[in-house]
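Only one structure is covered here, and it is reproduced in the block below.
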Amino acid sequence: MARVCDLKRGSIVEINGDPHVLEDVNISTPTARGGNSLYRMRFRNIATKQKVDKTCKGDDSMPDGSFERKDVQFSYENQGAYVFMNTGDYSEITLFKDDIAEEIPYITEELEGIQVLISDERVLGIELPPTADLEITETGPSMKGASATARNKPATLSTGLIVHVPEYLATGEVIRVDTRTGKFLSRA
């Protein structure tokens, strides 16, 4: 059992018998005497991708999710089947497009830090690193003298993902994108 106050983003717990990953946590402390800190948390079911919101006190506990993480590397895609290689024993793990639809726009052969989540010999899904470096393949012309706080423009990246980037970026540049929010962070 994990105490709620010890949970961090990325922690996995069991809710209603299914493993859920903690995506976001907000802590509020009431000003009244004896008020306990409240933890407002958003979890995502690893298998079904459904969101679950929970509010708990810091001393409450939640059951740990029974799962195993294994480091993998993306190998190739074949007709909607994405094949990953286990970097420990070099075995192949195949996941289908519907199972990892939210993660596909960030997956490249160069992406390191991908982990597969396994529970009871069943693959639940993959977990991406917090950021991914992707190349801009199409965007409007860059504007000289545009500052970082100026307006943004849409840019299509090498995986097909569309993000808003500052006007000073041009086609061919590599940028860092947050894999949790899908937002531009910086040049890579």
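Numerical summary
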quantity	calculated
Index of the failed condition, Asn36 passing every other in (1) surrounded by 12 or more Cβ atoms within 10 Å (Cβ to Cβ); (2) assigned to a strand (DSSP E or B)	(2)
Considering residues of region 1-33 that are among the charged types (D, E, K, R) and not in a strand (DSSP E or B) only, the residue nearest to Leu128 (Cα to Cα)	Arg9
Tally, over region 110-132, of residues that are within 18 Å of the chain's Cα centre (by Cα), charged (D, E, K, R) and either assigned by TED's automatic domain parsing to the domain that holds Thr48 or at pLDDT below 90 (or both)	2
Residues within region 63-95 that are among the aromatic types (Phe, Trp, Tyr), surrounded by 14 or more Cβ atoms within 10 Å (Cβ to Cβ) and either without any contact (Cβ under 8 Å) to a residue 12 or more places away in the chain or assigned to a strand (DSSP E or B) (or both), tallied	3
Matching residues, region 46-62, being at pLDDT 85 or above, closer than 15 Å to Pro19 by Cβ and either under 17 Å from the mean Cα position of the chain (by Cα) or in a loop (DSSP other than H, G, I, E, B) (or both)	Gln50, Lys51, Val52
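The values are calculated or read from the model by the stated rules, or taken from the named source; none is laboratory data. Because the structure is predicted, anything quoted here is derived from the model rather than measured. Glycine also receives a Cβ, built like all others from the backbone with ideal geometry; neighbour counts cover every protein chain displayed.
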